[in-house]
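Only one structure is covered here, and it is reproduced in the block below.
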Amino acid sequence: MAKQKILIVEDEESLLKLESILLTSKGYQVRGVTNGQAALDAIEEDPPHLVLLDIMLPEIDGFEVCRRIKTNPATRDIPVIMLTAKKSREDMARGEEVGADWYVTKPFKSAMVIETIQRFIDRS
């Protein structure tokens, strides 16, 4: 069976590396990008099974990236998990508004992130 592809969108290099190692060790095929435009390009090039998306990104923020993913008929079914330090009710509501499937706040527990990813990937 082919490996499930996950796109990680995270501008903080150390966190991107940590998340990549974690997910690769669980058997996922991981691609990491550090800004919103690169995320949109990567999704168009090779659609992942799931997107792990930070909100605070250079160029295009995660809310706008998510909105574009969810309004594009070709990509709207890709689960998007927001993984962010933005914890306010307003931020969470905005995440829901733009179509995020789930919202995880930093700092996060690795096991919880893996469990959430598996729940969404098993449905697809």
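Every number in this text was worked out from the coordinates using simple rules, so none of it is lab data. Values in this document were obtained by computation on a predicted structure and should not be read as measured data. Cβ coordinates were reconstructed from backbone atoms using ideal geometry, including for glycine residues, and neighbour counts include every protein chain displayed.
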Which lysines does K5 reach when only Cα atoms under 22 Å apart count, and residues fewer than 8 places away in its own chain are ignored?
K17, K26, K70, K109
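By its C-alpha gyration tensor, with a ≥ b ≥ c as the square roots of the eigenvalues, how is the chain shaped: rounded for a/c under 1.5, else prolate for a/b larger than b/c, else oblate?
Working: a/c = 1.29, a/b = 1.12, b/c = 1.15.
Judged from the Cα gyration tensor, the chain comes out rounded (a/c under 1.5).
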Given axes a ≥ b ≥ c from the Cα gyration tensor, I'd like to know whether segment 62-124 is rounded (a/c under 1.5), prolate (a/b larger than b/c) or oblate.
oblate
Between the modelled labels at T105 and E90 (7 Å from Cα along Cα→Cβ) the distance in nm is 1.5
